[in-house]
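S.K.: For reference, the structure I am asking about is given below.
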Amino acid sequence: MRLPEPRQPHRHRLNRPRWEPRPAGPSPTYVIPSTGHYPPAHSEREADQAPARTEHHMFRYLIRRLLSAAVIILVISAITFLIFFALPSNPALLACGKTCSAARLAQIKAGMGLDQSLATQYWEFLKGFFAGRTFGDASVKIQCNFPCLGISFKDDTPVFSTLMGRFPADLSLALGSAVIFLVVGVGLGVVAAVKKGSWIDKLAVTGALVGVSLQIYFVGLLLMYVFVDKWQILPTPGYVPITRTSASGSRG
């Protein structure tokens, strides 16, 4: 009876290089017996240059992001500027009033710079944002300082000054709504997650869906009627500067 020959291992297993440690040397390096070559290793110089390369890549990334943000802002400003001129209304005619003559209308157009080309007006707008500009004619001049966003056609005041005058009220509303959202919204979300499937979870989800579906002016008027007129728990809404005490600042 002939015995079976022993099974030869697969060819690719015989040719597979084995990693063996080299006995001598300051650091554990490895050699491939079939070739006699050492695999490439990072030198100490490359390890020292790695942080510098990382900082260089990060700096280039920040520069690219800043340039892309500047381009996006420029495109948005150009689109906004073109939309303003696409409107059918005439700003010079609105500023002139009902009893407006042709000479007065031409004078207002020259004072606003509307008699210039569209490209020149956009360039003056960009230059005024960084360096300020002057509106008006020789008789009446209105100075718009940096950053100049234009002047109001109604009262000839800089738009940026008007925005800064309303900013404290907007800031107080934003902070108040953020506090209510963090306390009520996040609190109900945590309770609904802990009590998942219970009546508390269902009530919180239903209230959130109803609150998101309703319009803010309707909810505001309803809350004013309930808490101010009906129950008289809260005072009549009114703006109080945020720099005052917390009790008086929360009024309205």
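S.K.: Counting only residues that are surrounded by 11 or more Cβ atoms within 10 Å (Cβ to Cβ) and within 22 Å of the chain's Cα centre (by Cα), give me the helices (runs of 4 or more DSSP H) lying completely in segment 64-164 with at least 2 of them. Steps first, please.
M.R.: Working: elements: 91-96, 102-112, 118-131.
Output list reads 118-131.
S.K.: One residue is enough: does segment 27-37 have a residue meeting the conditions among the hydroxyl-bearing types (Ser, Thr, Tyr), modelled with pLDDT of 75 or more, at negative phi and out of contact with any helix residue (DSSP H, G or I) (no Cβ under 7 Å at 6 or more places or on another chain)? Don't jump to the end; show me each part of the working.
M.R.: Going residue by residue through segment 27-37, those that are among the hydroxyl-bearing types (Ser, Thr, Tyr) are 27, 29-30, 34-35.
Right, trim to modelled with pLDDT of 75 or more and you get none.
Checked segment 27-37: no residue is among the hydroxyl-bearing types (Ser, Thr, Tyr), modelled with pLDDT of 75 or more, at negative phi and out of contact with any helix residue (DSSP H, G or I) (no Cβ under 7 Å at 6 or more places or on another chain).
S.K.: Looking for something free of Cβ contacts under 8 Å to residues at least 12 places away in the same chain and touching a strand residue (DSSP E or B) at 6+ places or on another chain (Cβ under 6 Å) - is there at least one such residue anywhere in segment 128-141?
M.R.: Yes - at least one qualifying residue is present in segment 128-141.
S.K.: How do the pairs read when you match residues in segment 142-164 that are over 20 Å from residue 109 (Cβ atoms) with residues anywhere that are part of a helix (DSSP H, G or I) and among the small types (Gly, Ala, Ser), using Cβ under 7 Å and keeping only pairs 6 or more apart or on different chains?
M.R.: Pairs found: 146/131.
The values are calculated or read from the model by the stated rules, or taken from the named source; none is laboratory data. Just so it is clear, the model here is predicted, and its values are computed rather than measured. Reconstructed Cβ throughout: ideal geometry from the backbone, glycine too, with neighbour counts over all protein chains shown.
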